[in-house]
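Participant: My questions will all concern the structure given below.
Read-outs: derived from the displayed coordinates by stated rules, not from any lab. If you're wondering where the values come from, they're calculated on a predicted model, not measured in any experiment. Cβ placement follows ideal geometry from the backbone for every residue including glycine, while neighbour counts extend to all protein chains displayed.
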Amino acid sequence: MSPGAIVLAAAIPILFLHVSYQPGVSVGFGSTTINAYLSDFAVLAVVLAALLAGVRHGFAPLAAGRWLWAALALFLVWMFIEVGLGHHHAAAYAWRTHGVTAAKFAEYALLAPSVTLLLQRSRDLLLCAWSLVLWSVFATGVGVAQFFGADIFLAGTVGHRQASFLASADFAALSGAALLVGIVGLAASRARVGRALVSTALVTGVLGMIVAGALASVLGLGTALIALGVVLVLRRAVDLRRLAGVAAAGLIVLGGAIAIRGTDLEAFAHFLGAKHQPSASQAKVQTYAHRTLLVWIGWQIWIDHPLTGVGWEGSAEPANFEPYLPAAHRHFPNESPLAFPSAAPNRRYGVQNSWLQALADLGVVGLALWVAVFSSAAWLAARNASATAIYALMATALLAWLWTAQGYVAGIPLDALTWIAFGLAATRLRAE
C-alpha cells in the first residue's frame, strides 16, 4: 500500500469527528477568529501527500476528471467573488467571517483531486474502505448505546435519533457511506471486496442510518439504489439473489428510520394540515416545518436577488432576512416564535438546504455551478465500469439528498465525504 493511501486512511476517522472533540488553535483576524482543528491538519496532510505523489509519479491521473476540476474551480472562484458582493450588498455583512468559512470550504474541496492522486491501486482503496467502515462501527456502537440511554458524546433523547460523536446528519452521512461499501461489494460482481468487509459494512451501515434517523439519507439511499439498478441492467450484470439482499437492506433502513422519526413526521403532517395541530406542539420548533419556513425565506430572498444572490452565507445575515420576517409570520401563523430567525447569534439559522441556499446566497450563477459539480462527478462515474465508479455514482446520489438538509457549513464531515466521493468519481485504478 502506498504511503499516501495510508495518510488518507489515517485521516478518515479525524475527518468524521465533531470539532468539539478535536484539539485546535485560534488566531485573531480583525473582528473574527480563525479556528484550525485537528481535521484541518488532517486535510493538509492528505493534500501534501497528494502533491508529493504527483511530483514523484506525475499528475496524469487528474486528466480523467478535467471537467469536474473545471466546474469545482469555477464554483470556488464564484464563492469568493460572492464574499465581496455580500459586503457590497449589505454594509453589516461580516465579510471576514464569511471569507474564513469560504477558505475552509475550499480547503476541504482539495480532498477531491488529492483522492484521485493517492488511490491508484485496489489495495489502496481497500485500506481506506476498511478505515471508513471500522470508524462507522465505532460511531454506530456509540449511537446505539446513546439510543438505550448512555449519556456519552452528543447523546440525544433516549429512544430517539442520535448523533454519536458527530451531528445527526454527519452520522447519517458516515453510515450511508459505509453501507454503500457493503452494497457495492454485494451487488457488483467485479468488486474485489472481501466478505468480512461487505458484512461489516452492511451491518454498521444499516444500524447507523436507522439510529441517525436522517430521512434525507434514506431518500438518498433510495436514489442510489435506483442508480445501481440502472447501471446493472445496462451492463447486463443483474444477479437477483444479490439484489434481493440489497433490497432487504434498503427496506430495513426505510422501516427503521420511519419508526425512529415517527414523532417528527406526525408533527409535519400537522403542519401541512393533514391533522389538527395540538396547541401544546405549536410552541415547539418542529424539524421539517422549521426547514420549510427557512426554505420559504430563502426563496423570497432569491426572488429579489435572482442573478447573484446576497453573498456567500448572506441569507443568515439579519440585514438580508429581517425584511421578510413580517410576511413569514403571516404565511406561517402557527409556527413557534423560536422557529423564526432573528439577529440573536444562536438564531441565525440560514436556509439549511444547500440547493436553495445556493440560489439565495449565490444566485442563479452559483446554483448552476453547484449543480455542475455534482453533474460532472455523476457523469464521470457513470462512464466508468469499475466498482469504484459505481460506488462514486451511488455516493453522489446519496449526497445530493443529504445536502437538501444541510446548508453550506465549512469543515464538517459531510464536506469531507462529498469531496472524497467526487475524487473517487475521477479515480482510475491501475492494473495490479
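Participant: What whole-number volume per residue, in cubic angstrom, does the convex hull of the C-alpha atoms of region 113-264 give? The partial results should precede the final answer.
Facilitator: Values: hull volume 17.8 nm³, N = 152.
Spelled out: Cα convex hull of region 113-264, divided by residues, is 117 Å³.
Participant: Within a Cβ distance under 15 Å of G84, other residues only, what is the Lys/Arg minus Asp/Glu net charge? All intermediate terms of the calculation are to be shown ahead of the outcome.
Facilitator: On the way: positive: R96; negative: E82, E313, E317, D361.
Its environment carries a net charge of -3.
Participant: Take the eigenvalues of the Cα gyration tensor for region 99-164, scale each by 5, and report the square roots as semi-axes in whole Å, largest first. Please report the intermediate quantities before stating the final value.
Facilitator: On the way: eigenvalues 202, 83, 8 Å².
Sorted largest first and rounded, they come to 32, 20, 6 Å.
Participant: Going by Cα centres, region 288-314 and region 83-141 are how many Å apart?
Facilitator: Distance between centres, Cα-based: 24 Å.
Participant: Moving on. For a quick check, take a GNM of the chain with Cα springs below 10 Å and name the residue from G213, G65, G28 with the largest mean-square fluctuation.
Facilitator: G28
Participant: Taking region 350-432, how much of its Cα-Cα pair set, in percent, is spaced more than 20 angstrom apart?
Facilitator: Details: 1207 of 3403 pairs.
That fraction is 35 percent.
Participant: Shifting gears a bit: Would you calculate the convex hull of the Cα atoms in region 357-397 and tell me its volume per residue in Å³? Intermediate results must be reported in sequence, preceding the final value.
Facilitator: Numbers: hull volume 2.1 nm³, N = 41.
Taking only Cα atoms, region 357-397 has a hull volume of 51 Å³ per residue.
Participant: Quick one: net charge around R348, please, counting Lys, Arg +1 and Asp, Glu -1 for every other residue with C-beta under 14 Å from its C-beta.
Facilitator: Numbers: positive: R347; negative: E313, E317, E322, D361.
Residues near R348 contribute -3 overall.
Participant: Grab the beta carbon distance between E266 and V230, set R0 = 41 Å, and tell me the FRET efficiency rounded to 0.05. Present the calculation step by step, with values, prior to reporting the outcome.
Facilitator: Details: r = 34 Å, r/R0 = 0.83.
So the FRET efficiency works out to roughly 0.75.
Participant: Okay, moving on. To two decimal places, what compactness ratio does region 37-86 give when its Cα radius of gyration is scaled by 2.2 N^0.38 Å? Intermediate results must be reported in sequence, preceding the final value.
Facilitator: On the way: Rg = 14.4 Å, N = 50, 2.2 N^0.38 = 9.7 Å.
Taking the Cα Rg and dividing by 2.2 N^0.38 Å, one obtains 1.48.
Participant: Test of understanding: in a Gaussian network model of the chain with alpha carbons linked when under 10 Å, which of Y324, Y408, Y37 would top the mean-square fluctuation ranking?
Facilitator: Result: Y324 has the largest fluctuation of those listed.
Participant: Along the charge dipole of region 145-265, Cβ charges K/R +1 and D/E -1, which of V246, A257, H160 sits furthest on the positive end?
Facilitator: Among V246, A257, H160, the one farthest towards the positive end of the dipole of region 145-265 is V246.
Participant: Then there's this: Need one number: nm distance between label points at W67 and A259, each 7 Å from Cα along Cα→Cβ, rounded to one decimal.
Facilitator: Reported label-point gap for W67 and A259 is 4.4 nm.
Participant: Using r as the Cβ-Cβ distance of L44 and H331, and R0 as 60 Å, what FRET efficiency do you calculate, to the nearest 0.05?
Facilitator: Numbers: r = 45 Å, r/R0 = 0.76.
E(calc), rounded to 0.05, equals 0.85.
Participant: Anyone know which of L17, L127, L110 comes out most mobile in the 10 Å Cα GNM of the chain?
Facilitator: The residue that fluctuates most here is L127.
Participant: Say R0 is 25 Å: what FRET efficiency, to the nearest 0.05, do I152 and A103 get from their beta-carbon distance? Walk me through the numbers on the way to the answer.
Facilitator: Working: r = 33 Å, r/R0 = 1.33.
That gives a FRET efficiency of 0.15.
Participant: Whole Å is fine, so just give me how far the alpha carbon centre of region 393-416 lies from that of region 357-374.
Facilitator: Cα centres, region 393-416 to region 357-374: 14 Å.
Participant: Per DSSP H run of n ≥ 4, the term is -39500 (n - 2.57); total these for the chain, divide by its residue number, and report the mean residue ellipticity at 222 nm rounded to 500 deg cm²/dmol. Before the final figure, lay out each step's value.
Facilitator: Working: 18 runs with 278 residues, N = 432.
Rounded to the nearest 500, it is -21000 deg cm²/dmol.
Participant: What does the chain give for Rg and for Dmax, in Å, if only its C-alpha atoms count?
Facilitator: Over the chain's Cα set, Rg and Dmax evaluate to 21.4, 67 Å.
Participant: Translational D (Stokes-Einstein, µm²/s) of region 1-130 at 4 °C and 1.567 mPa s when Rh comes from the Kirkwood sum over C-alpha pairs?
Facilitator: Calculated translational D: 79 µm²/s.
Participant: Also, I was wondering about something else. Which longest run of the chain has no exposed loop site in it, a site being trypsin sites (Lys or Arg not before Pro) in a DSSP loop with at most 10 other beta carbons within 10 Å, and the site itself not part of the run?
Facilitator: 1-235
Participant: Dividing the Cα convex hull volume of region 1-73 by residue count, how many Å³ per residue is that?
Facilitator: Numbers: hull volume 10.4 nm³, N = 73.
So the per-residue hull volume is 143 Å³.
Participant: Once you list every other residue whose beta carbon is under 15 Å from the beta carbon of W379, what net charge do they have if Lys and Arg are +1 and Asp and Glu are -1? Display every interim value, and only then the final one.
Facilitator: Numbers: positive: R66, R383, R428; negative: none.
In short, +3.
Participant: Also: Normalising by the residue count of the chain, find the relative contact order in percent from Cα pairs under 8 Å and 6+ residues apart. Before the final figure, lay out the partial values.
Facilitator: Values: 722 pairs, mean separation 100.9, N = 432.
Computed value for the chain: 23 percent relative contact order.
Participant: For region 311-358, I need the span (max minus min coordinate) of the C-alpha atoms along each principal axis, in Å, sorted largest to smallest.
Facilitator: 30, 22, 17
Participant: Next question, about the same structure. Among the chymotrypsin sites (Phe, Trp or Tyr not before Pro) within region 85-149, which fall in a DSSP loop and have no more than 12 other Cβ atoms within 10 Å of their own Cβ?
Facilitator: On the way: sites: Y93, W95, F105, Y108, W130, W135, F138, F147, F148; in loops: Y93, F148.
Taking region 85-149 and a limit of 12 other Cβ atoms within 10 Å, the loop chymotrypsin sites (Phe, Trp or Tyr not before Pro) found are F148.
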